[in-house]
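Worksheet for the structure shown next.
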Amino acid sequence: MNDYLVKILTETLKKLYPDVQIPEITIEKPRIVEHGDAATTIALQLTKLVGKPPRNIAQEIKEALPSGGWIQEVEIAGPGFINFRFADSFLFDKLAEILNAGSEYGKGTQLDGKKYLVEFVSANPTGPLTVGHGRNAVLGDTIARLYEWIGADVDREYYFNNAGRQMRVLGASVSARYQQILGKNTELPEGGYEGEYIRDIAQKLVDGKGDSLLSDPDNIIFKETAEKLIFDDISRTLERMKIVMDSFFNENDLYENGSIQDVLKRLREKDLIYDEDGAVWFRTTLFGKEKDTVLVKSTGEPTYRLPDIAYHCNKLDRGYDKCIDIFGADHIATYPDVVSGIEVLGYDKERVDVLVYQFVTIVMDGKPFKMSTRKANFVTLDELMDEVGADVTRFFFLMRSPGTHLEFDIAQAKESGEKNPVYYLQYAYARIQSIMRKVFESYKFEGEANLSLLTHEVELKVIKDLMEFPEWIASAAMSKEPHRLINYLNEVATDFHKFYHDCRILGEDPALAYARVRLLAAVSMVMANGLSILGITAPDRM
RNA sequence: GGCCCGGUAGUUCAACAGGAAAGAACAGACGCCUCCUAAGCAUCAGAUCUGGGUUCGAGUCCCGGCCGGGUCACCA
């Protein structure tokens with residue numbers, strides 16, 4: 001429709017003002033219903049170029065536009081807006097198209113043939129996933145789903161490091177608990193992990209190995225067992241949230257396959273690193289930073305930036321058109337170094353992209369709650385899902401713009417039950433299924449429905465809503481803001497609930513009932529598809 | 001102190017990359033179940049931190065304040 005409007009407007013303007021350089025014509029959707037279905041501000045923009053008052057220009061355009069077709073009415077309003085109202089016949093054609101597309105409706109082709117990699121969660125296996133990881137996990141997965149809906153071939157990857165200091169502390173913590181269970185008076189190491197799950201892991205070792213490890217408290221088995229069990233736990237949690245990773249990437253592989261050394265070598269060849277005080281420095285001042293950055297400490301251990309750069313090179317070398325990272329706000333400072341790194345190594349920086357989301361503030365008993373995995377002050381995602389379920393959990397993390405702080409009131413989330421906004425969407429879907437079950441008991445429809453019987457204001461509004469579905473998916477995907485899709489589905493649900501209130505099916509004339517059934521089939525489709533993108537179930541009854 | 005987010009109704013958030021009269025939800029007030037699920041609908045009340053600027057037009061863009069969060073390590 002927009003393309004059509006732009007086309008006829010362009011032709012008209014060329015005729016009217018052959019000497020004027022026409023600016024790009026944009027079509028907007030007015031916020032106010034009375035302002036029509038589509039609008040353009042082109043007359044306002046032409047004021048200076050044409051040298052006439054905007055309303056006069058609008059009037060000239062209106063008179064010169066071809067009449068009929070998809071447009072029923074053209075109106076001039078305010079300072080010079082040109083408003084269009086769609087012809088009902090156009091809406092019915094679109095509805096028929098939507099029904100035709102069925103479960104494919106909403107898909108786009110913007111990323112057809114593209115290979116994308118979304119890297120997310122990426123929590124080191126030191127403990128269960130907490131509410132703090134939830135936003136990352138759900139955003140990453142949903143953005144991957146959105147990309148898939150507009151044509152991309154998407155892989156989901158989990159990046160982790162099992163070789164760092166934190167993991168050593170983890171192993172030592174398990175060892176200490178192991179000794180305690182066997183009656184020895186050993187204390188947790190300095191900064192050790194205090195969570196109950198550490199004791200569970202130690203107990204498993206006692207069950208399996210008895211006291212045979214007492215003589216070897218530094219055995220790697222403590223760390224390895226912890227890593228394995230914790231990863232199992234993380235995978236189960238992700239699965240509960242309907243997240244399935246395609247790959248897990250171990251940072252350690254970058255050392256073993258020489259990528260780290262290779263990156264250093266290439267940077268050195270370009271004279272972008274130097275040695276000082278026993279450390280290796282990256283000349284980040286060349287890219288606008290105040291200080292150069294240490295890549296390898298004087299101890300010989302790299303800082304995390306170096307493997308980060310090597311990892312991104314690795315991803316790009318695997319042939320992805322685009323690699324997206326999902327980061328919390330605390331990691332934003334590292335990102336420019338990575339971009340600089342891959343760029344000087346000859347990669348197109350447009351191929352990496354990042355979504356930075358703001359922190360989740362946990363509110364418990366009306367007070368902000370500071371979480372720490374090490375200190376075992378946390379609410380796990382599993383606990384949260386036990387309370388409110390996976391649907392509510394996913395919805396909660398998606399309903400707000402990633403760029404804004406998310407306040408997660410535990411008490412409210414647990415209590416939310418019937419008042420939770422996710423039920424508003426699911427209820428709309430369930431209501432339609434309920435109607436359908438009843439309708440098919442008493443009606444038999446044959447042939448094609450006569451959609452032009454849909455003349456009620458709210459019926460037409462619903463069709464207009466449904467028409468927008470593909471645009472909103474694309475918009476949510478390209479902006480990496482899934483909440484836009486939620487806002488949209490909310491509007492569809494609202495208009496459906498109004499329809500439910502104003503229009504009936506049972507008891508109506510069969511022809512009208514049939515047309516309405518078709519309309520609801522389309523609404524049902526959009527709700528089901530929309531919820532599936534969000535990873536939320538669409539229940540047949542509630 | 002430098003850089004990055006954010007500041008919208010009592011509260012939590014929208015506003016689709018500058019458009020017309022700033023939308024929801026919760027909390028508050030009030031109405032609707034002899035009617036396909038009241039997990040719903042309808043009505044009322046209520047907001048753009050502040051000072052300049054750009055523009056026909058600013059919550060949105062620019063500059064200066066103020067407030068909150070993040071980040072600036074040879075920690076990850």
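The values are calculated or read from the model by the stated rules, or taken from the named source; none is laboratory data. Small disclaimer: the values here were computed from a predicted structure and weren't measured. Cβ placement follows ideal geometry from the backbone for every residue including glycine, while neighbour counts extend to all protein chains displayed. The area values use the complete protein model at the heavy-atom level, side chains included, leaving out ligands, DNA and RNA. Shrake-Rupley method; radii C 1.70, N 1.55, O 1.52, S 1.80 Å.
Relative to the longest principal Cα axis of chain A, at what angle does helix A:483-502 sit, 0 to 90 degrees, rounded to 10? Computed tilt is about 40 degrees.
Bridgeable aspartates and glutamates around A:Lys29 (alpha carbons under 18 Å apart, same-chain partners fewer than 8 residues away excluded): A:Asp3, A:Asp37, A:Glu73, A:Glu75, A:Asp88, A:Glu457, A:Asp465, A:Glu468, A:Glu471, A:Glu491, A:Asp495. Extending 7 Å from the Cα toward the beta-carbon at both A:Glu97 and A:Asp262 defines two label points whose distance is 4.8 nm.
For chain A, what does the relative contact order come out to in percent, with C-alpha contacts under 8 Å and a separation of six or more? Once normalised by length, the contact order is 15 percent. Evaluate the Debye formula for region A:2-86 with equal point scatterers sitting on the alpha carbons, no solvent, and hand back log10 of I(q)/I(0) at q = 0.14, 0.15, 0.18 Å⁻¹, in q order, two decimals. With no solvent term, the Cα-only Debye profile gives -0.41, -0.47, -0.69. Taking θ as phi - 60° and the Karplus parameters 6.51, -1.76 and 1.60, the scalar couplings of region A:84-96 work out to 10, 10, 6, 6, 4, 4, 4, 4, 5, 4, 5, 4, 4 Hz in sequence order, x denoting glycine and proline.
Solvent-accessible surface (1.4 Å probe) assigned to A:Phe378 amounts to roughly 40 Å².
Near A:Phe249, the amide H atoms lying under 5 Å from its own belong to A:Tyr158, A:Tyr159, A:Phe160; only residues 5 or more places off or on other chains count, and H is placed 1.01 Å from N. Contact order, relative form, for region A:2-86: 29 percent (alpha carbon pairs under 8 Å, 6 or more residues apart, mean separation divided by residue count).
What do you get for trypsin sites (Lys or Arg not before Pro) in region A:283-389 restricted to DSSP loop and a cutoff of at most 16 other Cβ within 10 Å of the site's Cβ?
Here the sparse-neighbourhood loop sites are A:Lys289, A:Lys291, A:Lys297, A:Arg318, A:Lys370, A:Lys375.
Volume per residue of the convex hull around the Cα atoms, evaluated for region A:129-178, comes out as 97 Å³. Ignoring ligands and nucleic acids, what accessible area does A:Thr404 show with a 1.4 Å probe (Å², nearest 10)? A:Thr404 exposes around 60 Å² with every protein chain in place. So, with a 1.4 angstrom probe, what is the percent of accessible area on chain A that is carbon and sulfur? C and S fraction of accessible area: 48 percent. Ranking of A:Ser247, A:Ser452 by solvent-accessible surface, largest first: A:Ser452, A:Ser247 (1.4 Å probe, protein heavy atoms only, all chains present).
For region A:304-310, the Karplus equation 6.51 cos²θ - 1.76 cosθ + 1.60, evaluated at θ = phi - 60°, returns couplings of 5, 5, 5, x, 4, 5, 4 Hz by residue, with Gly and Pro reported as x. When only Cα pairs below 8 angstrom with a gap of at least 6 residues are kept, region A:247-318 shows a relative contact order of 24 percent. Heavy-atom accessible area, probed at 1.4 angstrom with all protein chains present, ranks A:Lys52, A:Lys480, A:Lys498 as A:Lys498, A:Lys52, A:Lys480, highest first.
Summing charges over neighbours of A:Pro510, with a neighbour being any other residue whose Cβ is under 10 Å away from its Cβ, gives -2 when K and R count +1 and D and E count -1.
How big is Rg to Rh over region A:90-161, alpha-carbon atoms, Rh as the Kirkwood inverse-mean-distance radius?
Numbers: Rg = 17.4 Å, Rh = 14.5 Å.
Computed over Cα atoms, the ratio is 1.20.
For A:Leu381, the solvent-accessible surface with a 1.4 Å probe is about 0 Å², rounded to the nearest 10.
Our analysis of chain A gives Rg over Rh at 1.07, with the two radii drawn from alpha carbon positions and Rh computed by the Kirkwood formula. Between A:Asp321 and A:Glu290, the modelled labels are 4.1 nm apart [label points 7 Å from Cα along Cα→Cβ]. Quick one: angle between helix A:259-269 and the longest Cα principal axis of chain A, in degrees between 0 and 90, rounded to 10, please. Approximately 80 degrees, to the nearest 10. What is the angle, in °, between the Cα long axis of helix A:2-16 and the longest principal axis of the Cα atoms in chain A? Nearest 10 is fine, range 0 to 90. The two axes meet at around 50 degrees. Among beta bridges identified by DSSP and lying wholly in chain A, the antiparallel ones come to about 50 percent.
How much area per residue is accessible in chain A when the probe is 1.4 Å and only protein heavy atoms are counted (Å²)?
Details: 25920 Å² over 542 residues.
That works out to 48 Å² per residue.
Near A:Lys184, which lysines are there with a Cα under 20 Å away, not counting those fewer than 8 places off in the same chain? The reachable lysines, counting only those whose Cα sits under 20 Å from A:Lys184, are A:Lys204, A:Lys209, A:Lys223. Applied to region A:207-220, the Karplus parametrisation 6.51 cos²θ - 1.76 cosθ + 1.60 on θ = phi - 60° returns per-residue 3J(HN,Hα) values of 4, x, 10, x, 9, 5, 9, 4, 6, 9, x, 9, 3, 4 Hz, with x for Gly and Pro.
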